[in-house]
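Everything on this sheet refers to the single structure shown next.
The values are calculated or read from the model by the stated rules, or taken from the named source; none is laboratory data. A quick note: this is a predicted structure, and the numbers were derived from the prediction, not measured. FYI the Cβ positions are ideal-geometry reconstructions off the backbone, even for glycines, and counts take in every protein chain you see. Note: accessible area is taken over every heavy atom of the protein model, side chains too, but ligands, DNA and RNA are not part of it. Shrake-Rupley method; radii C 1.70, N 1.55, O 1.52, S 1.80 Å.
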Protein chains: 4
Amino acid sequence: MELWYTEEQTDSVRFSIKVDKPLYTGKSEFQRIDVFHSKEFGNFFTLDGLIMVTEKDEFIYHDMIVHVPMATNLKIKNVLVIGAGDGGTVRELTRYDSIENIDMVEIDKMVVDVCREYFPQTTCKLDDPRVHLYFEDGLRFIRSKENIYDLIIVDSTDPFGPGEGLFTKEFYGNCYKALKEDGILVNQHESPYYEEYAKSMQKAHKRIKELFPVCRVYQAHIPSYPSGHWLFGFASKTYDPLTDIDEQAWNSLGIKTKYYNTDIHKGSFALPNYVIDILANEGD
Amino acid sequence: MELWYTEEQTDSVRFSIKVDKPLYTGKSEFQRIDVFHSKEFGNFFTLDGLIMVTEKDEFIYHDMIVHVPMATNLKIKNVLVIGAGDGGTVRELTRYDSIENIDMVEIDKMVVDVCREYFPQTTCKLDDPRVHLYFEDGLRFIRSKENIYDLIIVDSTDPFGPGEGLFTKEFYGNCYKALKEDGILVNQHESPYYEEYAKSMQKAHKRIKELFPVCRVYQAHIPSYPSGHWLFGFASKTYDPLTDIDEQAWNSLGIKTKYYNTDIHKGSFALPNYVIDILANEGD
Amino acid sequence: MELWYTEEQTDSVRFSIKVDKPLYTGKSEFQRIDVFHSKEFGNFFTLDGLIMVTEKDEFIYHDMIVHVPMATNLKIKNVLVIGAGDGGTVRELTRYDSIENIDMVEIDKMVVDVCREYFPQTTCKLDDPRVHLYFEDGLRFIRSKENIYDLIIVDSTDPFGPGEGLFTKEFYGNCYKALKEDGILVNQHESPYYEEYAKSMQKAHKRIKELFPVCRVYQAHIPSYPSGHWLFGFASKTYDPLTDIDEQAWNSLGIKTKYYNTDIHKGSFALPNYVIDILANEGD
Amino acid sequence: MELWYTEEQTDSVRFSIKVDKPLYTGKSEFQRIDVFHSKEFGNFFTLDGLIMVTEKDEFIYHDMIVHVPMATNLKIKNVLVIGAGDGGTVRELTRYDSIENIDMVEIDKMVVDVCREYFPQTTCKLDDPRVHLYFEDGLRFIRSKENIYDLIIVDSTDPFGPGEGLFTKEFYGNCYKALKEDGILVNQHESPYYEEYAKSMQKAHKRIKELFPVCRVYQAHIPSYPSGHWLFGFASKTYDPLTDIDEQAWNSLGIKTKYYNTDIHKGSFALPNYVIDILANEGD
């Protein structure tokens, strides 16, 4: 059966995955959701035609969005996760016994429902007693929150469609307000390689930098995302991920990971010159 | 004009680039050579249908294969480059005034000829007086060499077709012999993500580790290569790239690079756990 | 959503349809069944990855496989249909009040079940009281039949997989036996344009010609099949489709068709020289 | 080498040919010209990305555009060919000793130059002494001609780009004027299957019908064109292709053809009902 999913990463670049079996197609109030099975990536799902999660490499993304802030501050107790309907971010967070509460705010309940059916690998901890699910708009949810979270993780789609508001100055300002005085904000930060993504990255960085005293970007190899070169933003009111990481403490927790380790933690903040240049440049 | 170059990275993964204009097609004694122009990647060329060099991101590969060993030992004077017909590795080497001699051994003269025509960006230093071109088999060339090179760079194709011999134990042994007592061997080391590539990586590492006291692997983001997660091998008789790097000295040279910097140098040796595991595993 | 169904019509020819929505995927005892929706072709289904029926152009195939033999002999009363799980052939047959009985023998019940759900357009007459469905192997079904059918229509898949036996000499011999003395055999007859299909066409013709006094081939434009140039075989014990057609009688029936008419009937037996040559050639 | 030429026949239908070797790419004053070699189709060339001629099936198009009018009136002596830069139409015309003069008007000299290099199979008769090449706009060329041609063949591209004017009422009017009182006009007439092509077909037919007493459409199976179902227009002042064809006379000429024969001649005017309906419908 020759059925190919194709992501047009740019006008002239296509990444295609042979689909063994289409598993699900639906349209929620917010977006189109498709789930496929492929030999190379296992199950994977797309929102409005863009790959979100593949069984093969979701561990990379989830390791890097969770363990980098956690290893920087092991005293984190109260976490807000925005987006992340696949559950993978929550799964990694629940591995820390020290965390007492996880609020997860996903605008699209159908994403969670579909993932529960096709991605037990990522949704397996959504019913952990510390996890509270809110199916509403993250932008609105956060407006009323003040000085309560140790960590906010923005695990959003690209800044097109439903995820757009999660890249605005207003939203980042509300994150700042919702965080405690030593709070940390981590967000998926797009990619530096293809122009359209690089512009999103540049804008997001500029906006966060205006608000947070510490504002850094780190990278990972995520082959199923455009260019495979993916970035995360680390912003905080006090903590610095390079100087405040307590390697020994984190390693003594015995958390087994397939991507993250404390060397990668430090190495991932070393960016190529061309990425540093784009981030330094103020953009339009 | 809808003309697409497609690389079948695995049986079920295709990476496709829209071709604006086919520039050259030829068949040498060793392999098929094609050059295309695309909007996203500029000119790019393929050997036996696999992407070797694109104008857009060749700087990443060439920065990482050259500046990592050079920053580790700035006293390198005599260099052997095997493969590298596009000239990019030599171009980066010639930026070091301290280098006195570069022997470049490329089995396929047609690759150099074609690149001279379509890739002035990479071939521009092939006529530097310190560069000596040998169009012959690297395996044979190196057999008679003993204790003369400070650095050998193996800038080969994948271990299929003409590049196969450059992944054998015999070849690595001859590299060891051709290197001085403080010599360094750097080679392109395939990728850990897709199985077939990971096996090549594993085998190459195993063979080099048996010969060289220092044997490390470092990584870079090269989006035009399969998975975008590409590795290099660093082997040496004495030098350690993490402890022997002289950051200040390298930075004082004022070499402008678009990817490499001394932070990336150190960060690139921090590998994901899953890559460490494959490398530690002895393979078949 | 960029999801493309691709049929590799030959090693170097691909026909691809953008899929709006995958509707069904299943595996029966005999073959893989997929149903897709596309903007251009409406719903279409594939067996083992090959297009069988599209809502857009099924009328062409079904018009030509049914009305050509019917217009040649309007006294046909008892019909055997082999294959044709989509129901389109039966639908056209039921438009003739003169037909008293239709035995339809489809090896794969799942094809009929799936088509009933997704192709009401073709299955709408499967419950006509004159229609008797047998879910068994057409080869076996026909062995015990002798001198009872006026018309046998072999509406099979390609001669690979489940449909293979329907292209054998033994099968055609049993068809001959099952037909009355003035019986007609019509079968889908592959295509003359791409080599692999042309060989199947050639073999089928050779075998039928050895058994039936009248043996002709006629053609239609079916764009969703490889090359768009599709053939049907007309074999009979006495009737000649060009001389025995009663145009006036057929036209007076008032059957509205979108492809077939009595001019097309006659014109469709005029084959290109290159097709005549392949058919005349004895093959291997 | 995975290089695929793709023609987007509609927004959701792609026809792709594996390219063994790109042979030529150029841009004339009028259009982009590409020549490729493929295993299935041999050499083929495209204008502005659309397939014009393939070595494998050009004989079908050229047989049908030439022998249908010629067999209808074997006394044709003076012929005007518009377009047809590949030379195939002229090649077929030169097989008639009775033809005394062929004016061929091709707007784009580069098409002829490129075809002379890569398509000796079609250009082989361009230097016949009866052939006169004019590299100019067919629209302008014909304006000054009156009552001189027995046959005009419009072998144009689609009605987009340079070929657009060859589908206008003004142009058809000038053809009428340039033809003798028993003159014949044949033109490539697009395809009925995909909507955009069907509209062009409908418009062309409507315009010609207003001018010529005899106005018919005939079809052929050309698999390398969109849908494989291709049409030609036959218009004339007196001759009818179905009643005036002199089969015996044509057959006695002994012209060997791979597609055309006098049965196909007659059969090709028998159109499917859905095509008749579109042609009868006045359109916009």
Compactness relative to 2.2 N^0.38 Å, alpha carbon Rg of the stretch A:4-54: 1.11
For label points placed 7 Å from Cα toward Cβ, what is the shortest-first list of nm distances from residue B:237 to its copies? 5.8, 9.4, 9.6
For residue C:105, list long-range residues whose amide hydrogen, built 1.01 Å from N in the peptide plane, is under 5 Å from its own amide hydrogen. C:81, C:82, C:83, C:134
If you count the DSSP beta bridges with both ends in chain D, what percent of them are antiparallel, to the nearest 5? 65 percent
Please give the FRET efficiency for residue D:281 paired with residue D:242, using the beta carbon to beta carbon distance and R0 = 22 Å, rounded to the nearest 0.05. 0.45
Roughly how many nanometres apart are two label points built 7 Å out from the Cα toward the Cβ at residue A:176 and residue B:199? 5.4 nm
Compute from the Cα atoms of the stretch B:58-280 the Rg and the Dmax, the latter being the longest Cα-Cα distance, and quote both in angstrom. 15.9, 44
Closest beta-carbon to the D-to-B rotation axis: which chain D residue owns it, and what is the separation in whole Å? D:22, 2
Nearest-20 debye value, chain D charge dipole, Cβ charges on Lys, Arg, Asp, Glu: 400 debye
About its Cα centre, what dipole magnitude does the protein assembly as shown give when the only charges are +1 on Lys and Arg Cβ and -1 on Asp and Glu Cβ, stated in debye to the nearest 20? 0 debye
Using DSSP, restrict attention to beta bridges with both residues in the protein assembly as shown and report what percent are antiparallel, rounded to the nearest 5. 65 percent
Scalar couplings 3J(HN,Hα) for the stretch D:111-118 by Karplus 6.51 cos²θ - 1.76 cosθ + 1.60 (θ = phi - 60°), nearest whole Hz, x for Gly and Pro, are 4, 5, 4, 5, 5, 4, 7, 9
For residue A:117 and residue B:135, FRET efficiency with R0 = 60 Å and r from the beta-carbon atoms, rounded to 0.05? 0.50
Given the pairs A:56/A:209; B:21/D:169; B:56/B:177; D:109/D:180, which span a C-alpha to C-alpha distance of over 30 angstrom in this model? A:56/A:209; B:21/D:169; B:56/B:177
Label residue A:98 and residue A:74 with points 7 Å out from Cα along Cα→Cβ: what is the distance between them in nm? 0.6 nm
Which residue, chosen from C:41, C:24, C:59, occupies the Cα position most advanced towards the positive end of the dipole of chain C, where the dipole is computed from +1 (Lys, Arg) and -1 (Asp, Glu) charges on Cβ about the Cα centre? C:59
What GluC sites (Glu not before Pro) does the stretch D:206-284 have in DSSP loop regions with at most 16 other beta carbons within 10 Å? D:210, D:282
Output row for residue A:280: copy-to-copy label distances, label 7 Å along Cα→C-beta, ascending, in nanometres, one decimal, is 3.9, 7.5, 8.0
How far, in nm to one decimal, is residue B:253 from itself in the other copies if the label point is set 7 angstrom along Cα toward Cβ? Shortest first, please. 4.0, 7.7, 8.7
What residues have an amide H closer than 5 Å to that of residue D:151, excluding those fewer than 5 places away on the same chain, when H is modeled at 1.01 Å from N in the peptide plane? D:78, D:80, D:184
Using the charge dipole of the stretch A:58-280 (Lys, Arg: +1 at Cβ; Asp, Glu: -1 at Cβ; taken about the Cα centre), state which of A:132, A:176, A:227 has its Cα farthest towards the positive end. A:176
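Heavy atoms only, probe 1.4 Å: what % of the accessible area of the stretch B:4-54 goes to carbon and sulfur, would you let me know?
45 percent
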Per residue of C:210-222, what is the mean number of Cβ atoms on other protein chains within 10 angstrom of that residue's Cβ? 2
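Can you tell me how much longer the chain between residue D:124 and residue D:210 gets when fully stretched, taken as 0.36 nm per residue apart minus their C-alpha distance, in nm with one decimal?
Length gained between residue D:124 and residue D:210: 27.2 nm.
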Counting other Cβ atoms within 10 Å, keep those with at most 13, restrict to DSSP loop, and tell me which GluC sites (Glu not before Pro) in the stretch A:114-162 are left. A:136, A:146
Residue-ordered couplings for the stretch D:196-213, obtained by feeding phi - 60° into the Karplus form 6.51 cos²θ - 1.76 cosθ + 1.60 and rounding to whole Hz (Gly and Pro as x), are 4, 5, 4, 5, 4, 4, 5, 5, 4, 4, 4, 5, 5, 4, 6, 10, 10, x
Looking only at other chains, what is the average number of their beta-carbon atoms within 10 angstrom of each beta-carbon in D:19-27? 4
Report ³J(HN,Hα) in whole Hz for each residue of the stretch B:163-169, in order, from the Karplus equation J = 6.51 cos²θ - 1.76 cosθ + 1.60 where θ = phi - 60°; Gly and Pro get x. x, 4, x, 7, 10, 9, 4
Report the charge-dipole magnitude of the stretch A:24-133 in Debye, nearest 20, computed about the Cα centre from +1 at each Lys and Arg Cβ and -1 at each Asp and Glu Cβ. 180 debye
Would you grab the residues whose amide H sits under 5 Å from the one on residue D:23? Only those 5+ places off in sequence or on another chain, please, with H modelled 1.01 Å from N. D:35, D:36, D:37
Calculate the length of the line joining the C-alpha centroid of the stretch A:103-119 to that of the stretch C:199-243, in whole Å. 55 Å
Buried accessible area between C and D, both sides, 1.4 Å probe, in Å² rounded to 100, is 3500 Å²
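Keeping all protein chains in place, calculate the accessible area per residue for the protein assembly as shown (probe 1.4 angstrom), answer in Å².
I get 35 Å² per residue for the protein assembly as shown.
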Spin-label point model (7 Å from Cα, Cβ direction): what's the residue C:255 to residue D:169 distance in nm? 4.2 nm
When Cβ neighbours within 10 Å are restricted to other protein chains, what is their mean count per residue of peptide A:3-9? 6
In terms of solvent-accessible area of protein heavy atoms at a 1.4 angstrom probe, what is the ranking of A:64, B:52, highest value first? B:52, A:64
